[in-house]
1. Taking the solvent-accessible surface of protein heavy atoms with a 1.4 Å probe, what is the per residue accessible area of the chain in Å²?
2. How big is the gap, in Å, between the Cα center of region 91-160 and the Cα center of region 176-213?
3. Give me the Kirkwood hydrodynamic radius of region 86-228, using the inverse of the mean 1/r over all pairs of distinct Cα atoms, in Å to one decimal.
4. Which lysines, on any chain, are close to LYS130 with Cα under 26 Å apart, when same-chain ones fewer than 8 places away are left out?
5. Assign unit charges at the C-beta atoms only (+1 for Lys and Arg, -1 for Asp and Glu), then state the dipole size of region 139-251 relative to its Cα centre in Debye, rounded to the nearest 20.
6. Using just the Cα positions, wrap region 257-345 in a convex hull and report its mean projected area in square nanometres, one decimal place.
7. In square angstrom, rounded to the nearest 10, how much accessible surface does ASP215 have for a 1.4 Å probe?
8. What do you get for Rg/Rh of region 272-321 when both radii come from the Cα atoms and Rh is the Kirkwood radius?
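The values are calculated or read from the model by the stated rules, or taken from the named source; none is laboratory data. None of the values given here were measured: they were computed from a predicted structure. Backbone-built Cβ (ideal geometry, glycine too); neighbour counts: all protein chains shown. Side chains are part of the model used for accessible areas, which takes the heavy atoms of the whole protein and leaves out ligands, DNA and RNA. Shrake-Rupley method; radii C 1.70, N 1.55, O 1.52, S 1.80 Å.
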Amino acid sequence: MTTGEALAVRLHSLLLTPGRRLGSVAAIVEWFGAMQAQDMASGLWSLGVRLPGSVAADVEAALERREAIRTWPMRGTVHLVPPADARWMLDLMGVRALAGAAKRRATIGLSERTADRGVEVLAEALAGGKRLTRAACLDALAAGGVTPGGQLGYHLLWYASQRGVTCIAPHVGKEQTFVLLDEWVPEPNRPSREEALGLIVRRYFRSHGPATRQDFVRWTGLTLADTRTGLAVAGDTLTTVRVDGTEMIADPAALAAGTTTRDDWAALPGFDEYMLGYKDRALMVDKHHLDRIVPGGNGVFQSTLVAAGRTVATWKRTLGRKAVTVDVFPLAPLAAAARTRAEAALEPYAAFVGLPLRVRWSEVEPAATG
(Lines give C-alpha, C1' and ligand atoms only; values in the text may rest on other atoms or scores of the structure.)
Protein backbone atom coordinates (compact mmCIF):
# COMPACT_ATOMS: atom_id res chain seq x y z
CA MET A 1 0.00 0.00 0.00
CA THR A 2 1.29 3.46 -0.85
CA THR A 3 1.21 6.41 1.52
CA GLY A 4 -1.42 8.00 -0.72
CA GLU A 5 -3.68 4.97 -0.41
CA ALA A 6 -3.16 4.86 3.36
CA LEU A 7 -3.99 8.54 3.63
CA ALA A 8 -7.20 7.97 1.68
CA VAL A 9 -8.31 5.28 4.15
CA ARG A 10 -7.51 7.57 7.09
CA LEU A 11 -9.39 10.42 5.45
CA HIS A 12 -12.56 8.33 5.10
CA SER A 13 -12.37 6.92 8.63
CA LEU A 14 -11.25 10.03 10.53
CA LEU A 15 -13.44 12.59 8.81
CA LEU A 16 -16.38 10.20 8.31
CA THR A 17 -16.78 11.11 4.66
CA PRO A 18 -20.12 10.31 2.95
CA GLY A 19 -19.62 6.54 2.82
CA ARG A 20 -19.00 6.45 6.55
CA ARG A 21 -21.45 9.01 7.90
CA LEU A 22 -22.65 8.48 11.47
CA GLY A 23 -25.81 10.21 12.63
CA SER A 24 -25.26 11.15 16.26
CA VAL A 25 -22.74 12.40 18.77
CA ALA A 26 -22.98 9.07 20.60
CA ALA A 27 -22.14 7.08 17.47
CA ILE A 28 -19.19 9.31 16.55
CA VAL A 29 -17.61 9.21 20.00
CA GLU A 30 -18.09 5.45 20.21
CA TRP A 31 -16.51 5.08 16.75
CA PHE A 32 -13.37 6.88 17.86
CA GLY A 33 -13.33 5.51 21.41
CA ALA A 34 -12.16 8.91 22.65
CA MET A 35 -11.84 12.36 21.09
CA GLN A 36 -9.46 14.92 22.55
CA ALA A 37 -11.47 17.85 23.92
CA GLN A 38 -9.60 19.91 26.49
CA ASP A 39 -10.90 23.00 24.68
CA MET A 40 -14.70 22.92 24.62
CA ALA A 41 -15.15 25.00 21.47
CA SER A 42 -12.72 22.74 19.65
CA GLY A 43 -14.49 19.63 20.93
CA LEU A 44 -17.87 20.89 19.77
CA TRP A 45 -16.57 21.55 16.25
CA SER A 46 -14.76 18.18 16.13
CA LEU A 47 -18.22 16.68 16.44
CA GLY A 48 -19.96 19.27 14.27
CA VAL A 49 -17.64 18.81 11.29
CA ARG A 50 -18.60 15.12 11.32
CA LEU A 51 -22.32 15.90 11.56
CA PRO A 52 -22.98 17.94 8.39
CA GLY A 53 -25.75 20.49 8.79
CA SER A 54 -25.55 20.53 12.59
CA VAL A 55 -25.17 23.68 14.66
CA ALA A 56 -23.49 24.16 18.02
CA ALA A 57 -26.80 23.96 19.87
CA ASP A 58 -27.43 20.49 18.39
CA VAL A 59 -24.16 19.16 19.74
CA GLU A 60 -24.65 20.86 23.09
CA ALA A 61 -28.10 19.28 23.38
CA ALA A 62 -26.60 15.86 22.64
CA LEU A 63 -24.10 16.34 25.45
CA GLU A 64 -26.95 17.34 27.78
CA ARG A 65 -28.59 14.02 26.78
CA ARG A 66 -25.36 12.38 27.95
CA GLU A 67 -24.42 11.02 24.53
CA ALA A 68 -20.82 11.70 25.58
CA ILE A 69 -18.99 12.99 28.63
CA ARG A 70 -15.62 14.61 29.21
CA THR A 71 -13.00 13.26 31.54
CA TRP A 72 -9.28 12.47 31.67
CA PRO A 73 -9.18 8.86 30.34
CA MET A 74 -5.56 8.86 29.13
CA ARG A 75 -2.38 10.93 28.94
CA GLY A 76 -3.79 13.25 31.63
CA THR A 77 -5.75 15.02 28.89
CA VAL A 78 -9.49 15.73 28.61
CA HIS A 79 -11.36 13.64 26.03
CA LEU A 80 -14.95 13.05 25.01
CA VAL A 81 -15.80 9.40 25.69
CA PRO A 82 -18.90 7.19 25.66
CA PRO A 83 -20.40 7.65 29.14
CA ALA A 84 -20.76 3.96 29.92
CA ASP A 85 -17.11 3.39 28.99
CA ALA A 86 -15.59 6.15 31.12
CA ARG A 87 -15.08 3.94 34.17
CA TRP A 88 -13.15 1.15 32.45
CA MET A 89 -11.13 3.63 30.40
CA LEU A 90 -10.01 5.37 33.59
CA ASP A 91 -9.17 2.01 35.15
CA LEU A 92 -7.27 0.85 32.07
CA MET A 93 -5.45 4.00 30.93
CA GLY A 94 -6.15 6.82 33.36
CA VAL A 95 -4.35 5.06 36.20
CA ARG A 96 -1.09 5.54 34.32
CA ALA A 97 -1.44 9.31 34.66
CA LEU A 98 -2.06 8.90 38.40
CA ALA A 99 1.41 7.39 38.72
CA GLY A 100 2.88 10.86 38.27
CA ALA A 101 0.45 12.60 40.62
CA ALA A 102 2.73 12.45 43.65
CA LYS A 103 5.54 14.20 41.81
CA ARG A 104 3.15 16.89 40.61
CA ARG A 105 1.77 17.38 44.13
CA ALA A 106 5.29 17.86 45.48
CA THR A 107 5.92 20.54 42.85
CA ILE A 108 2.83 22.56 43.77
CA GLY A 109 3.06 21.95 47.53
CA LEU A 110 0.07 19.64 48.00
CA SER A 111 0.19 16.67 50.37
CA GLU A 112 -1.46 13.37 49.53
CA ARG A 113 -3.67 13.70 52.62
CA THR A 114 -4.91 17.12 51.49
CA ALA A 115 -5.50 15.85 47.96
CA ASP A 116 -7.57 12.94 49.27
CA ARG A 117 -9.49 15.31 51.53
CA GLY A 118 -10.19 17.49 48.49
CA VAL A 119 -11.71 14.52 46.68
CA GLU A 120 -13.90 13.79 49.71
CA VAL A 121 -15.08 17.41 49.85
CA LEU A 122 -16.00 17.40 46.15
CA ALA A 123 -17.82 14.07 46.51
CA GLU A 124 -19.87 15.45 49.40
CA ALA A 125 -20.63 18.72 47.61
CA LEU A 126 -21.87 16.96 44.46
CA ALA A 127 -23.77 14.10 46.11
CA GLY A 128 -27.47 13.82 45.40
CA GLY A 129 -27.36 14.72 41.72
CA LYS A 130 -25.86 18.16 42.15
CA ARG A 131 -24.05 19.81 39.27
CA LEU A 132 -21.63 22.56 40.20
CA THR A 133 -19.62 24.99 38.12
CA ARG A 134 -15.85 25.01 38.40
CA ALA A 135 -16.04 28.15 40.54
CA ALA A 136 -18.61 26.54 42.86
CA CYS A 137 -16.40 23.46 43.21
CA LEU A 138 -13.48 25.66 44.25
CA ASP A 139 -15.74 27.43 46.75
CA ALA A 140 -16.79 24.05 48.16
CA LEU A 141 -13.15 23.04 48.55
CA ALA A 142 -12.39 26.25 50.43
CA ALA A 143 -15.43 25.78 52.65
CA GLY A 144 -14.28 22.24 53.37
CA GLY A 145 -10.90 23.42 54.57
CA VAL A 146 -8.93 22.78 51.37
CA THR A 147 -7.65 26.09 50.04
CA PRO A 148 -7.52 25.77 46.22
CA GLY A 149 -5.08 28.60 45.55
CA GLY A 150 -2.64 28.71 42.66
CA GLN A 151 -2.54 25.46 40.71
CA LEU A 152 -4.03 23.41 43.55
CA GLY A 153 -7.62 23.90 42.41
CA TYR A 154 -7.04 22.56 38.91
CA HIS A 155 -5.02 19.65 40.27
CA LEU A 156 -7.79 18.67 42.70
CA LEU A 157 -10.46 18.83 40.00
CA TRP A 158 -8.26 16.68 37.75
CA TYR A 159 -7.41 14.29 40.58
CA ALA A 160 -11.04 13.70 41.53
CA SER A 161 -11.99 12.92 37.94
CA GLN A 162 -8.85 10.86 37.33
CA ARG A 163 -9.83 8.68 40.28
CA GLY A 164 -13.29 8.20 38.80
CA VAL A 165 -15.15 10.17 41.49
CA THR A 166 -16.25 13.07 39.28
CA CYS A 167 -16.48 13.87 35.58
CA ILE A 168 -17.00 17.00 33.50
CA ALA A 169 -20.62 17.73 32.64
CA PRO A 170 -21.70 20.11 29.85
CA HIS A 171 -21.04 23.81 30.25
CA VAL A 172 -23.56 26.10 31.88
CA GLY A 173 -23.14 29.26 29.85
CA LYS A 174 -19.38 29.53 29.48
CA GLU A 175 -18.59 27.70 32.71
CA GLN A 176 -17.35 24.15 33.05
CA THR A 177 -19.43 21.98 35.40
CA PHE A 178 -18.75 18.82 37.38
CA VAL A 179 -20.92 15.92 38.56
CA LEU A 180 -20.36 12.59 40.28
CA LEU A 181 -19.47 9.98 37.68
CA ASP A 182 -21.46 7.19 39.34
CA GLU A 183 -24.58 9.39 39.49
CA TRP A 184 -24.21 10.74 35.95
CA VAL A 185 -23.53 7.25 34.55
CA PRO A 186 -25.29 4.78 36.88
CA GLU A 187 -24.85 1.73 34.61
CA PRO A 188 -21.24 1.57 33.40
CA ASN A 189 -19.84 -1.13 31.15
CA ARG A 190 -17.51 -3.44 33.04
CA PRO A 191 -15.33 -5.45 30.65
CA SER A 192 -12.39 -7.47 31.91
CA ARG A 193 -8.95 -5.94 31.40
CA GLU A 194 -8.30 -8.09 28.33
CA GLU A 195 -11.72 -7.25 26.88
CA ALA A 196 -11.06 -3.55 27.51
CA LEU A 197 -7.72 -3.75 25.71
CA GLY A 198 -9.45 -5.39 22.76
CA LEU A 199 -12.11 -2.68 22.70
CA ILE A 200 -9.73 0.27 22.74
CA VAL A 201 -7.39 -1.34 20.20
CA ARG A 202 -10.29 -2.07 17.88
CA ARG A 203 -11.75 1.44 18.16
CA TYR A 204 -8.43 3.16 17.63
CA PHE A 205 -7.33 1.26 14.54
CA ARG A 206 -10.74 1.28 12.87
CA SER A 207 -10.99 5.07 13.22
CA HIS A 208 -7.30 6.02 12.84
CA GLY A 209 -5.87 3.22 10.72
CA PRO A 210 -3.71 2.46 8.97
CA ALA A 211 -1.57 3.35 11.99
CA THR A 212 1.40 1.85 13.78
CA ARG A 213 1.60 0.21 17.16
CA GLN A 214 3.69 3.18 18.27
CA ASP A 215 0.88 5.52 17.26
CA PHE A 216 -1.49 3.56 19.48
CA VAL A 217 0.95 3.54 22.39
CA ARG A 218 1.38 7.29 22.10
CA TRP A 219 -2.41 7.84 21.89
CA THR A 220 -3.33 5.69 24.90
CA GLY A 221 -0.21 5.76 27.05
CA LEU A 222 -0.41 1.95 27.22
CA THR A 223 2.55 -0.37 26.68
CA LEU A 224 3.53 -2.41 23.64
CA ALA A 225 2.71 -5.53 25.67
CA ASP A 226 -0.81 -4.18 26.26
CA THR A 227 -1.04 -3.44 22.54
CA ARG A 228 -0.15 -7.02 21.65
CA THR A 229 -2.80 -8.32 24.05
CA GLY A 230 -5.43 -5.98 22.60
CA LEU A 231 -4.59 -7.00 19.05
CA ALA A 232 -4.89 -10.67 20.00
CA VAL A 233 -8.34 -10.01 21.47
CA ALA A 234 -9.39 -7.98 18.42
CA GLY A 235 -8.40 -10.91 16.21
CA ASP A 236 -9.40 -10.78 12.57
CA THR A 237 -11.45 -7.61 13.01
CA LEU A 238 -8.11 -5.90 12.26
CA THR A 239 -5.41 -6.67 9.73
CA THR A 240 -1.77 -5.78 9.12
CA VAL A 241 -0.65 -3.88 6.02
CA ARG A 242 2.66 -2.46 4.88
CA VAL A 243 2.64 1.20 3.93
CA ASP A 244 5.74 1.93 1.87
CA GLY A 245 7.59 -0.65 3.95
CA THR A 246 6.22 0.33 7.38
CA GLU A 247 3.97 -2.16 9.17
CA MET A 248 0.60 -0.66 10.09
CA ILE A 249 -2.76 -1.94 11.32
CA ALA A 250 -6.15 -1.19 9.83
CA ASP A 251 -9.77 -2.28 9.66
CA PRO A 252 -10.24 -4.68 6.72
CA ALA A 253 -13.63 -3.09 6.02
CA ALA A 254 -11.96 0.31 5.66
CA LEU A 255 -9.42 -1.10 3.23
CA ALA A 256 -12.16 -2.81 1.22
CA ALA A 257 -14.11 0.44 1.00
CA GLY A 258 -11.46 1.83 -1.31
CA THR A 259 -8.17 3.70 -1.25
CA THR A 260 -8.93 6.49 -3.70
CA THR A 261 -8.19 9.90 -2.24
CA ARG A 262 -11.16 12.27 -2.42
CA ASP A 263 -10.52 15.90 -3.28
CA ASP A 264 -12.34 16.96 -0.13
CA TRP A 265 -11.55 20.07 1.87
CA ALA A 266 -12.25 20.33 5.59
CA ALA A 267 -11.77 23.01 8.24
CA LEU A 268 -10.74 21.25 11.45
CA PRO A 269 -10.28 22.58 14.98
CA GLY A 270 -6.87 22.60 16.60
CA PHE A 271 -7.37 19.74 19.01
CA ASP A 272 -8.76 17.22 16.55
CA GLU A 273 -8.05 13.51 16.26
CA TYR A 274 -7.05 14.02 12.62
CA MET A 275 -3.77 15.53 13.76
CA LEU A 276 -3.47 14.57 17.43
CA GLY A 277 -4.17 10.85 17.07
CA TYR A 278 -0.67 9.89 15.95
CA LYS A 279 2.95 9.83 17.01
CA ASP A 280 4.02 10.21 13.37
CA ARG A 281 1.97 12.78 11.44
CA ALA A 282 3.96 12.63 8.19
CA LEU A 283 0.99 11.34 6.17
CA MET A 284 -1.02 14.46 7.00
CA VAL A 285 1.58 17.23 6.88
CA ASP A 286 5.13 17.87 5.70
CA LYS A 287 7.46 17.63 8.69
CA HIS A 288 8.94 21.07 8.08
CA HIS A 289 5.46 22.56 8.53
CA LEU A 290 4.79 20.98 11.93
CA ASP A 291 6.15 23.99 13.77
CA ARG A 292 3.47 26.09 12.09
CA ILE A 293 0.78 23.79 13.42
CA VAL A 294 2.26 23.47 16.91
CA PRO A 295 4.22 26.72 17.35
CA GLY A 296 7.10 26.24 19.74
CA GLY A 297 6.15 22.60 20.28
CA ASN A 298 4.04 23.70 23.24
CA GLY A 299 1.21 21.21 22.67
CA VAL A 300 -1.25 23.88 21.53
CA PHE A 301 -2.37 22.86 18.04
CA GLN A 302 -3.62 25.42 15.55
CA SER A 303 -6.84 24.84 13.62
CA THR A 304 -6.10 23.41 10.19
CA LEU A 305 -7.43 23.33 6.64
CA VAL A 306 -7.08 19.92 5.03
CA ALA A 307 -7.25 19.26 1.28
CA ALA A 308 -7.35 15.65 0.02
CA GLY A 309 -6.03 14.58 3.40
CA ARG A 310 -3.03 16.92 3.51
CA THR A 311 -2.79 19.97 5.77
CA VAL A 312 -2.43 23.10 3.63
CA ALA A 313 -3.12 25.98 6.03
CA THR A 314 -3.87 26.98 9.60
CA TRP A 315 -6.70 29.29 10.64
CA LYS A 316 -7.81 31.39 13.57
CA ARG A 317 -11.32 32.58 14.22
CA THR A 318 -12.68 35.64 15.97
CA LEU A 319 -16.34 35.57 16.93
CA GLY A 320 -18.01 38.95 16.57
CA ARG A 321 -21.59 40.08 17.00
CA LYS A 322 -22.23 40.26 13.25
CA ALA A 323 -19.74 37.78 11.74
CA VAL A 324 -17.07 35.20 12.43
CA THR A 325 -13.76 36.45 11.04
CA VAL A 326 -11.34 33.71 10.00
CA ASP A 327 -7.69 34.49 9.32
CA VAL A 328 -6.11 31.87 7.06
CA PHE A 329 -2.36 31.24 6.95
CA PRO A 330 -1.30 28.97 4.07
CA LEU A 331 1.63 26.64 4.70
CA ALA A 332 2.60 27.19 1.07
CA PRO A 333 1.19 29.49 -1.64
CA LEU A 334 -2.36 28.61 -2.69
CA ALA A 335 -3.80 29.37 -6.12
CA ALA A 336 -7.03 31.34 -6.47
CA ALA A 337 -9.07 28.17 -7.11
CA ALA A 338 -7.67 26.57 -3.94
CA ARG A 339 -8.50 29.66 -1.93
CA THR A 340 -12.07 29.47 -3.19
CA ARG A 341 -12.26 25.84 -2.05
CA ALA A 342 -10.78 26.78 1.31
CA GLU A 343 -13.36 29.49 1.89
CA ALA A 344 -16.13 27.06 0.96
CA ALA A 345 -14.72 24.60 3.51
CA LEU A 346 -14.99 27.27 6.21
CA GLU A 347 -18.67 27.99 5.51
CA PRO A 348 -19.93 24.96 7.49
CA TYR A 349 -18.07 26.26 10.53
CA ALA A 350 -19.68 29.67 10.17
CA ALA A 351 -23.08 28.00 9.90
CA PHE A 352 -22.25 25.89 12.96
CA VAL A 353 -21.67 29.00 15.09
CA GLY A 354 -24.58 30.82 13.43
CA LEU A 355 -22.67 33.75 11.96
CA PRO A 356 -21.81 35.00 8.46
CA LEU A 357 -18.26 34.21 7.40
CA ARG A 358 -15.55 36.78 6.76
CA VAL A 359 -12.18 35.43 5.53
CA ARG A 360 -8.87 37.27 5.64
CA TRP A 361 -5.79 35.82 3.94
CA SER A 362 -2.22 36.11 5.13
CA GLU A 363 1.00 34.67 3.78
CA VAL A 364 2.83 34.63 7.11
CA GLU A 365 1.79 32.83 10.28
CA PRO A 366 2.18 35.22 13.23
CA ALA A 367 4.80 34.30 15.81
CA ALA A 368 3.60 32.27 18.78
CA THR A 369 3.04 34.19 21.99
CA GLY A 370 2.90 33.13 25.58
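1. Working: 15750 Å² over 370 residues.
With all protein chains present, the chain gives 43 Å² per residue.
2. Using only Cα atoms to place each centre, the spacing works out to 23 Å.
3. Values: mean 1/r = 0.0601 Å⁻¹.
Kirkwood radius, region 86-228: 16.6 Å.
4. LYS174
5. Details: 11 positive and 13 negative charges, 47 e Å.
That gives a dipole near 220 debye.
6. On the way: hull surface 28.5 nm².
Answer in nm², one decimal: 7.1.
7. Counting only protein heavy atoms, the figure is 0 Å².
8. Working: Rg = 11.5 Å, Rh = 11.6 Å.
Value, to two decimals: 0.99.
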